[in-house]
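One structure below.
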Amino acid sequence: MPRLLATQSHVVHGYVGNKAATFPLQCMGWDVDCLNSVQFSNHTGYGRDRVFGTCTSAQQLESVFEGLAAFGDYDAVLSGYLPNRESVACMARNYKKMKERQPELIWLLDPVMGDDGQLYVNEDVIPEYEALVTSSLVDVITPNQFELEILYGKHISDLASLRRALEKLHETVPVIVVTSCSSELFGDPSHLYCVASTRGHPATVYRVPVIESYFTGVGDLFSALLLDRLYNTRQDSGSSHLDINQVLDVVQKVLATTLQHSPANIKAAMGSPIEMKLMELRIVESRDHYVQFECPRNFIYRQL
Amino acid sequence: MARKVLSIQSHVVHGYVGNKAATFPLQYRGWDVDALNTVQFSNHPGYGHFKGFRSEASDLQGIIEKGLLGGLDIQYDAVLTGYLPDIEGLRAIGKTLIKLCEKDHRVKWVLDPVLGDNGKLYVPEEAIPVYRDILTHGAVYLATPNQFEMEVLTGVQICDLASLKQSIQQFHELYPRVQNVVVTSVSFHSAGDSISELICACSEQESRRAHYFKVPKIDAQFSGSGDLCSALLLDSFLTQNPAARDLCAALNQVLSLVDSILLNTFELYKASIAAPPLKINDLRLIESRELLKQTTAPKYVPIKL
């Protein structure tokens, strides 16, 4: 049974962070150690004044990491939302130690900083992620376009600059999946575009139809499924060259299940608690989607 | 729509006790589990070493009252409480849940009064009067003490079937608001004896019908089996038709399923090491997921107590 350590947020109600990642991975047979970087009543999309709970301090995180040293080697480590510079640095220090001791460990870093031009962490977090991305220790990163631009240091306005950004980051990171590109890049607002790129291979553009709603936790579900995919690809073929159709197919099925269970015509909007509650991902109801038996649909659009 | 449960217990990063033992089985059986973690430890203390921290009582209370019930107005079908090591936290959460169950009778509270086991307390002694108080004033739907906890809560030493019956009667007298009680892992032997079976008993406040089961004991100690058992009891009892709830049938199903999971865990451990283990730190819940999916055939015969 493969073992994963996942360091990200915990919400009591709803499905983002570790709550979105853990159950699907467990259904796929992973032994998931969840280290919670915060404990909040619910995610922040309900409105900042409706979130109660606490961030795990860097000292508290460090102490849990010390306790975990007794449990030996993980097959993979993952990190998602960490609330501040100190907690990112703490995760980085501890994951580095593990990776240096055990180079075959897969390290997935989701550099959670913001979206659509807006930062949701303090600016001092940026250099911590930049240092990690250039450390050559991380195996896969899953930035959205905004986060990719931060890590690249330049605005990405067309496909040529996207190619240059990937090329630059591939100097130190073998696998990059850009989880959502701005619709201007492909001139098509009816689809979401996602680019998966493995060093030494041409990058592939995937697209899925846009669903008019506001879902949260999709990125966290995506990175968990991607990690499983990468682990199994390496086990089967020894290569890191990824086909993410299966990952996208599962995500699409979870979104379809979520819509099926919500009252018709509800379109969740930020800050509206009743609607947010109805649009929480139906992670539990999707139990039988995680382990796939049939061939996934093909979401490949073209080579980049 | 999935049934909703608020589960208030400890969290361990590694392994399966408290919320880690309850959440996956309940989710796998279709429950939407809101897991509120009272502590975050690297692993359970049974390993002999662990690191981590506890949540503050006021933070936990804030999450429940201002967040889940106040801001989000969540309608829970059930609340599950287990290990609450902090006295302040226990008092605060007790108060909040007593109020919640008073106001809304749809919420069924399953309370595992975690005090200790085999004659030893794992919580400070001050927790005892707090639990007595909660059981006296709270409309608890089901309490699941083990033998030691039952003895502490009723003051009756359990050494044979007659004293087991007497402790259950005493429990109903002292805590008339508690509707159902299940007493887990009872043995009439003194510590150190080798035991081949354990007794589990159940009784309903209203009818005073009490039954017990003899369950063969696997020769090892499993951490988290009590937490798994109370979570599965919540599922199997509360998903019955409310007009015809049968505690005895629910308990039989759960004991049968837990036995299968413990056996599977035991076999997996045996396969990985040479000597049969006496102490098993981590339940193999993920590898037992196929067992969680099925409806378990009841293995045992209820005997009237």
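The values are calculated or read from the model by the stated rules, or taken from the named source; none is laboratory data. Here the structure is a predicted model, which is why all the values come from computation and not from measurement. Please note: Cβ atoms are built from the backbone with ideal geometry, for glycine as well, and neighbour counts cover all protein chains shown. Ligands, DNA and RNA are stripped out before the accessible areas are found, and what is left, the full protein with its side chains, is counted by its heavy atoms. Shrake-Rupley method; radii C 1.70, N 1.55, O 1.52, S 1.80 Å.
In region A:11-42, the qualifying residues are those that are surrounded by fewer than 23 Cβ atoms within 10 Å (Cβ to Cβ) and assigned to a loop (DSSP other than H, G, I, E, B), and the one that is farthest from the other protein chains (Cβ to nearest Cβ) is A:Met28.
Conditions (1) charged (D, E, K, R); (2) in contact (Cβ under 8 Å) with a residue 40 or more places away in the chain; (3) under 17 Å from B:Lys304 (Cα atoms); (4) open to solvent by 40 Å² or more (accessible area, probe 1.4 Å), marked per residue:
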{"residue": "B:Asn146", "(1), (2), (3), (4)": "no, yes, no, no"}
{"residue": "B:Leu153", "(1), (2), (3), (4)": "no, yes, no, no"}
{"residue": "B:Phe171", "(1), (2), (3), (4)": "no, no, no, no"}
{"residue": "B:Phe188", "(1), (2), (3), (4)": "no, no, no, yes"}
{"residue": "B:Cys200", "(1), (2), (3), (4)": "no, yes, yes, no"}
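One residue stands out in region A:45-57 among those that are free of Cβ contacts under 8 Å to residues at least 40 places away in the same chain and surrounded by 20 or more Cβ atoms within 10 Å (Cβ to Cβ): the one that is farthest from the other protein chains (Cβ to nearest Cβ), namely A:Thr56.
Residue count for region B:226-241 under the criterion of being among the polar types (S, T, N, Q), in contact (Cβ under 8 Å) with a residue 60 or more places away in the chain and open to solvent by less than 30 Å² (accessible area, probe 1.4 Å): the result is 1. For region B:24-50, a residue qualifies if it is among the charged types (D, E, K, R) and facing chain A (nearest Cβ under 7 Å), and the qualifying residues are B:Asp32, B:Asp34.
A Cβ distance below 6 Å, combined with a sequence gap of six or more or placement on separate chains, defines the contacts here; from region A:259-276, residues that are at pLDDT below 75 reach residues that are among the small types (Gly, Ala, Ser) in the pairs A:Lys267/A:Ser213; A:Ala268/A:Ser213; A:Met270/A:Gly45; A:Gly271/A:Gly47. For A:Gln260, the conditions (1) more than 14 Å from chain B (Cβ to nearest Cβ); (2) over 21 Å from the mean Cα position of the chain (by Cα) all hold with the exception of (1). Could you say which residue among A:Leu108, A:Leu132, A:Leu137 is within 18 Å of A:Thr179 (Cβ to Cβ) and not in a helix (DSSP H, G or I)? Residue meeting the stated conditions: A:Leu108. Mind listing just one residue for me: the one in region A:66-87 that is over 18 Å from the mean Cα position of the chain (by Cα) and open to solvent by less than 50 Å² (accessible area, probe 1.4 Å) and, of those, farthest from B:Lys51 (Cα to Cα)? Going through the qualifying residues, I end up with A:Tyr74.
Within region A:243-259, none of the residues are in contact with a Leu (Cβ under 6 Å, 6 or more places away or on another chain) and part of a loop (DSSP other than H, G, I, E, B).
Restricted to region A:62-97, and to residues there that are in contact (Cβ under 8 Å) with a residue 40 or more places away in the chain, among the aliphatic types (A, V, I, L, M) and assigned to a helix (DSSP H, G or I), the residue that is nearest to the other protein chains (Cβ to nearest Cβ) is A:Leu68.
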